[in-house]
Amino acid sequence: MVFTSVYLIPIAVFVIMPTTFLITYMIAVSLGHVSPDFPYISDTATYAPESCIFSQMMTAVALLIWLFGWIRYGQVKALCGSDLTFNLVLILNKIAYWMITIASIGTSVVANFQETNLLVVHVIAAFWTFFPGFCYTWLQAFISLRTVNVVGTRLMALLRLLLAVLGTILFIIMGVVTPLAFLLFHGKDYRKWGPNDGGWVFHVISTVSEWLLCIGFGLYVLTFTAEFQELHVEPAEVHKRSNERSLRLAEGDAEASGEAQGKTRRGSVEQEAEEEEGSRGLISTPVEEQLYRPIVVRTEPFRELYA
């Protein structure tokens, strides 16, 4: 079965992420867990039941973000892998893949480790989410500009560059203003931060920057929808790759069960395969030996994703 609706992944990220924020915000405000005036996103997902909803939905978003990054990596590699002029693009493409992977893991950790339970883990994971995410936007903006003659349009490439610039500004503002806001805070509960609790202006700037940064990233992912309409993902192909240990296991099992004939057949097949495959090291084996051999999974069209 071929998955042709790849373009739905960016759309899903763009829709589910802000929807999650809105749902948890409404629940937290209605239950009196946070102030309705400019709370942090994490504050709206601190207590149950909104924390449960936030964890579940943001874990799904984290998976979708990683899947998006994986497909984007395969797209760039498939289109530019044979062109030596794109060597820098391919290097940055691989770095971008690991950046989005780290950001996805950070998103899942932030969602599942609330600030009231493990504040240190939550704060580290938040940085682990925002910083690689903003690096990813810059890397993909550069890749989009360099590959505009191969995939995408210049308008979309420039839009991604603009979103990367705006995201960087918001990231810097949030990183500078947030500590100042908490230093000036002298209220009882920062989840119900009010104008009289100190640092109010910095608090508002910080929270607005956070919300805009997250929504902006969803919009950034959405810009890939048109390009993903040209892609499809085919079922995985499983190949058997021999090694010395797996061969010994297979031979030992054959001796124990008395299948001398099967062992002889395996030796002849192995010798023929080694002569045919040469340096590739791939070998064809009988069906009954599949459990004894490690596998290499390659998914079309991204055959060299982890190469």
Taking the range 181-223 and keeping only residues that are aromatic (F, W, Y), assigned to a helix (DSSP H, G or I) and open to solvent by less than 10 Å² (accessible area, probe 1.4 Å), one is left with Y220
Do we have any residue at all in the range 131-141 that's open to solvent by less than 60 Å² (accessible area, probe 1.4 Å), modelled with pLDDT under 90 and assigned to a helix (DSSP H, G or I)? yes
Give me the pairs, please: first residue somewhere in the range 19-32 and farther than 15 Å from L219 by Cβ, second residue anywhere and open to solvent by 50 Å² or more (accessible area, probe 1.4 Å) and of a type in the set (V, I, T), beta-carbon distance under 7 Å, and either six or more positions apart or on two chains. I23/I53; T24/I53
Might you check whether a residue that is surrounded by 15 or more Cβ atoms within 10 Å (Cβ to Cβ) and farther than 20 Å from H122 by Cα occurs anywhere in the range 25-32? yes
So which residues in the range 142-165 are in contact (Cβ under 8 Å) with a residue 40 or more places away in the chain, over 18 Å from S82 (Cβ atoms) and in a helix (DSSP H, G or I)? F142, M156, L159, R160, L163, A164
Can you name the number of the only condition in (1) assigned to a helix (DSSP H, G or I); (2) open to solvent by 20 Å² or more (accessible area, probe 1.4 Å); (3) touching a Phe, Trp or Tyr at 6+ places or on another chain (Cβ under 7 Å); (4) at pLDDT below 90 that L247 fails? (3)
From the set of residues in the range 79-123 that are within 26 Å of L231 (Cβ to Cβ) and at pLDDT below 85, which is most open to solvent (accessible area, probe 1.4 Å)? L84
Consider the range 58-108. How many of its residues are in contact with a Ser or Thr (Cβ under 8 Å, 6 or more places away or on another chain) and either in a loop (DSSP other than H, G, I, E, B) or free of Cβ contacts under 8 Å to residues at least 60 places away in the same chain (or both)? 11
Under the condition of being aliphatic (A, V, I, L, M) and touching a Leu at 6+ places or on another chain (Cβ under 7 Å), which residue from the range 162-180 is surrounded by the most Cβ atoms within 10 Å (Cβ to Cβ)? L170
Could you give me the residue pairs with C-beta distances under 8 Å whose first residue belongs to the range 109-127 and is farther than 12 Å from Y47 by Cα, whose second residue is assigned to a loop (DSSP other than H, G, I, E, B) and open to solvent by 80 Å² or more (accessible area, probe 1.4 Å) wherever it lies, and which are 6+ apart or on separate chains? V121/F113; H122/F113; A125/F113
Do the conditions hold for Y40, that is, is it touching a helix residue (DSSP H, G or I) at 6+ places or on another chain (Cβ under 8 Å), closer than 19 Å to I215 by Cα and among the aromatic types (F, W, Y)? yes
I'd like the full set of residues that are at negative phi, over 27 Å from the mean Cα position of the chain (by Cα) and open to solvent by 30 Å² or more (accessible area, probe 1.4 Å), limited to the range 33-59. H33, P36, D37
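The values are calculated or read from the model by the stated rules, or taken from the named source; none is laboratory data. The structure presented is a predicted model; accordingly, all values stated were derived computationally and were not measured. Every residue, glycine as well, gets a Cβ built from its backbone with ideal geometry; the counts of neighbours run over all protein chains shown. For the accessible areas, the whole protein counts, side chains as well, though only heavy atoms, and no ligand, DNA or RNA atoms are used. Shrake-Rupley method; radii C 1.70, N 1.55, O 1.52, S 1.80 Å.
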